[in-house]
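We did not get these values from a lab; they are worked out from the coordinates using the rules stated. Remember, it's a predicted structure, so these values are computed and weren't measured experimentally. Cβ placement follows ideal geometry from the backbone for every residue including glycine, while neighbour counts extend to all protein chains displayed.
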Amino acid sequence: MPWLVLVVSLLQTAPAPTLETRVRKLIESSGAEVSVAMRTLDGRSELLIDPDRKFHAASTMKVPIMIELFRQAEAGTLKLDEPLSIRNEFHSIVDGSVYQLSVGDDSDKDVYARIGKTMTLRELCEAMITVSSNFAANLLIERVGAENVRKTVARLGGDGMLVLRGVEDQKAFDKGMNNETTARALEVLLLAIAQGRAVSPNADAEMAAILKRQKFRDAIPAGVPDGVAVGHKTGTITKIHHDAAIVYGPRPYVLVVLVRGIQDQKVSGPLIASISRDVWTELAK
């Protein structure tokens, strides 16, 4: 066989790069630390890249707060429509000293406008997830208890998620007492919601609906076709950009991408979207 024909034949028969190979190439070219966990709800496809690497959880820790809120509502220890007084006064886990949140550092102003009034736990949960309100998250974590959140995470098997405290506890931050997560832990928690076993089928359906109303759409949702429902929670702080999602495609799946080391979210967002696009394309085959 002539050498040119042989080369062409080999090129035509060479296997296409696997999904993992393609995603690892994206990660390598980014220069960032990236963890990925993906699993289809039917359990037949999975992708794990450094799934147990620990990251600052940023706002992804709001997912287990929501789960614990709904668990307590299911148990009858609280009601989602009960009012909660809105006070900008929280307590450091270091020494109990009082600290406040700044509206300028938060992603939502509406809860601050209600100081001195009340909001229902359901309204606060909506703000915590859909616009990532730190104020709402702190109010809810003090209501349900961080220890209870940790117990629920452990019950669900999401051991890489550690929820110690609310947001902007500077004394705790200075001592390295931070909320942490892994991609695998978030995958476990979102799979539980998607499969109706985090709390109950009805409660999980309501949580999934809240996740679908997420306002920040520049990461995982940007990598799937328009019109595909995505329920997800983002998390961003300095050089941290995470997204954890349930993607309701023909073969529904959970995808978690955690990124550390990119300063500009206009760079990290497209990176996550590119990984999301590769996953979607692979599963659509």
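Structural remarks
- A Förster radius of 30 Å combined with the Cβ-Cβ distance from residue 174 to residue 120 puts the calculated FRET efficiency at roughly 0.30.
- Taking other C-beta atoms within 10 angstrom as a stand-in for reagent exposure, 128, 119 fall in the order 119, 128, fewest first.
- About the Cα centre, charge dipole magnitude for the chain (Lys/Arg +1, Asp/Glu -1 at Cβ), debye: 340 debye
- When 232, 242, 91 are sorted by how many other C-beta atoms sit within 10 angstrom of their C-beta, beginning with the fewest, the order is 91, 232, 242.
- Choice from 47, 69, 189 showing the highest fluctuation, given a GNM over the chain with Cα pairs closer than 10 Å: 47
- The GNM of the chain, with springs linking C-alpha atoms under 10 angstrom apart, assigns the highest mean-square fluctuation among 62, 25, 151 to 25.
- Listed residues 146, 157, 40: farthest to the positive end of the dipole of the stretch 18-283 (Cβ charges): 40
- Separation of the residue 50 and residue 33 label points, Cα + 7 Å toward Cβ, nm: 0.7 nm
- Vicinal HN-Hα couplings computed from phi for the stretch 122-138 (Karplus, 6.51 cos²θ - 1.76 cosθ + 1.60; Hz; Gly/Pro x): 5, 5, 5, 5, 4, 5, 4, 8, 6, 10, 6, 5, 5, 4, 4, 4, 5
- What the phi angles of the stretch 29-41 give under the Karplus curve with 6.51, -1.76 and 1.60, with θ = phi - 60°, is a coupling list of 6, 7, x, 9, 8, 9, 10, 9, 9, 9, 8, 6, 5 Hz, glycine and proline written as x.
- Taking the chain as a Gaussian network of alpha-carbon nodes connected by springs under 10 Å, the highest mean-square fluctuation of the residues 73, 127, 194 belongs to 73.
- Candidate aspartates and glutamates for bridging to residue 175, where Cα separation is under 16 Å - those fewer than 8 sequence places away on the same chain excluded: 95
- Amide proton proximity set for residue 99, modelled H, under 5 Å, gap of 5+: 90, 91, 92
- Packing-based exposure ordering (other Cβ within 10 Å, fewest first) of 215, 233, 171, 285: 285, 215, 171, 233
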